[in-house]
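Read the figures in this text as sums done on the coordinates, not as results from a lab. Everything numeric in this text was worked out from a predicted model, so none of it was measured. Because the Cβ atoms are built from the backbone with ideal geometry, glycine has one as well, and the counts that use them run over all protein chains shown.
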Amino acid sequence: MERLKITLTNTDYRQCLALCLKGNGHASTINRAQVLLALHDGLDISEVMRVLRVKRTRLWRLRKQYLQGGLNDALSDRRRRS
């Protein structure tokens with residue numbers, strides 16, 4: 001049971017929650033917000049992968065984006081460099 005915990009700020013948590021509950025936005029952005037909320041709640045990685053249908057590398061990459069650049073960076077739909 002591997003866990004990949006992050007701690008969202010109160011503002012970031014409320015913003016992710018509002019994004020998920022309202023459903024306004026791109027599906028990929030909402031999915032990223034759901035992943036961040038799941039990691040904040042300390043859910044098991046395999047459970048997050050199964051329920052939200054994301055790969056392990058996506059979880060690690062999204063966590064890194066949030067920790068380095070904040071919420072807007074993590075939710076943005078930028079392409080990776082090759």
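Some points to look at:
- Radius 14 Å from Cβ of residue 42, net charge of other residues (Lys, Arg +1; Asp, Glu -1): -1
- Annotation: amide H of residue 44 has no partner in the under-5 Å range at sequence separation 5 or more or interchain, hydrogens built in the peptide plane.
- For the chain, the relative contact order works out to 34 percent when only alpha carbon pairs closer than 8 Å and six or more residues apart are counted.
- Farthest positive-ward along the chain dipole, Cα basis, beta-carbon charges - from 59, 9, 20: 59
- Using θ = phi - 60° in the Karplus curve 6.51 cos²θ - 1.76 cosθ + 1.60, the 3J(HN,Hα) couplings for the range 37-42 round to 5, 5, 5, 5, 6, x Hz; x is entered for Gly and Pro.
- Trypsin sites (Lys or Arg not before Pro) restricted to DSSP loop in the chain with at most 15 other C-beta within 10 Å: 5, 53, 55, 78, 79, 80, 81
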